[in-house]
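The block underneath contains the structure these notes are about, expressed in structure tokens.
What follows draws every value from the coordinates through simple rules; no lab data is involved. In this text, all values refer to a predicted model and were calculated from it rather than measured experimentally. Glycine also receives a Cβ, built like all others from the backbone with ideal geometry; neighbour counts cover every protein chain displayed.
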Amino acid sequence: MNTRRFLAGLTLTAGVLVAMPAFPAHALPARGDDGGYEAPEPAPRPPVSRPPTTPTNPAPTVPRLVAGFSVTTDSVIGTATVRYGEPGSLVTVRWGDGTRSVYDPFSPILTHTGSTLTSDTVVFKHEYPAGLPATYIATVTVEKGTRSDLESRQVVVTPRYLVTQFQAFFSPTHCDSAVEEWTEWSISQKLNGSTIRNWRFDVKTNSFPGASVGDGFADFRALDGSLFGREMTMADAPLTMAYSVTEIDPVFDDSAGTKSADLHPSIAPTNVLLEYSGDDCRAKIRFDTNVLLLRPGANQGGIGGGGIGGGGVLSNTP
């Protein structure tokens with residue numbers, strides 16, 4: 001080795017080391033310290049898109065045979081509307097009172113009062129028992145081949161009645177002096193204590209002067225406009241129909257009092273006679289009453305029988 005070259009190299013290296021500036025001791029980061037450096041946050045990962053899970057062999061959807069079922073009532077008349085999903089279905093409505101109505105598409109055409117039929121809907125009419133309000137469960141069954149479908153509905157039946165007091169008639173005695181032929185009267189019709197009509201008129205109660213005083217009753221005279229009717233249920237309170245009778249006199253009026261009769265669906269129709277007696281006068285008022293069960297849409301023959309339209313039988317049977 002060339003001694004001169006080796007010594008020259010050592011001299012050069014030493015000069016470089018001397019020329020480098022010294023690094024301050026406090027500027028060196030301690031072990032474990034990053035010196036204030038903040039690393040950037042990693043970018044969010046994109047969402048993983050997965051295909052929706054679907055059954056490999058979904059079950060086939062079978063349409064329902066009962067497409068719609070409703071039952072409404074009007075007094076004792078029930079109306080069941082059944083919409084069925086397939087033509088040729090056998091439809092049976094059980095009303096909940098031990099009876100049923102049937103539509104059979106394979107039976108001969110018959111006439112069924114109050115019911116109707118279209119290509120996909122049958123409407124049955126039924127009369128429920130009268131009396132107090134009652135709740136039933138009506139059920140429809142629709143059958144086609146080996147398939148069957150069923151639905152039920154709650155049915156509230158509130159029988160309604162028309163309670164009527166027919167026109168009233170009035171008959172007084174003669175209670176004026178024997179020389180008079182006519183007596184004047186005031187009559188009031190009251191419902192539950194409230195006056196609804198008044199009459200005031202003269203009645204010939206003596207055939208001729210001196211013939212009769214207080215003996216017989218005059219012919220009954222109609223109280224025009226006294227007819228009264230109201231729809232009621234068994235749960236309603238009775239109505240009190242009353243008539244007040246007064247004989248009008250120039251000196252003083254003779255009140256014969258107030259008489260009444262009750263009106264209610266539970267009271268059998270009857271002939272009512274109200275008798276009045278005042279100081280010198282007597283009188284009578286008579287009228288008839290009636291109670292009629294309301295059966296909207298029903299005829300005299302009742303609801304029942306066969307069926308109409310498009311072929312098939314509609315029937316109401318136990």
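Near the amide H of residue 168, within less than 5 Å, lie the amide hydrogens of 223, 226, 227, all on another chain or at least 5 residues away, with H placed in the peptide plane. With neighbours defined as other Cβ atoms within 10 Å of a residue's Cβ, the residues 255, 75 order from fewest to most as 255, 75. As a rough footprinting exposure proxy, the listed residues 169, 124, 217, 228 were ranked by other beta carbons within 10 Å of their own, and the order from fewest upward is 217, 169, 228, 124. Computed from backbone phi with θ = phi - 60° and the Karplus coefficients 6.51, -1.76 and 1.60, the 3J(HN,Hα) list for region 126-131 is 8, 9, 7, x, 7, x Hz; x is used for glycine and proline. Ranked by how many other Cβ atoms sit within 10 Å of their own Cβ, fewest first, the residues 140, 251 fall in the order 251, 140.
The average projected area of region 162-293, computed from the convex hull of its Cα atoms over all directions, is 7.9 nm².
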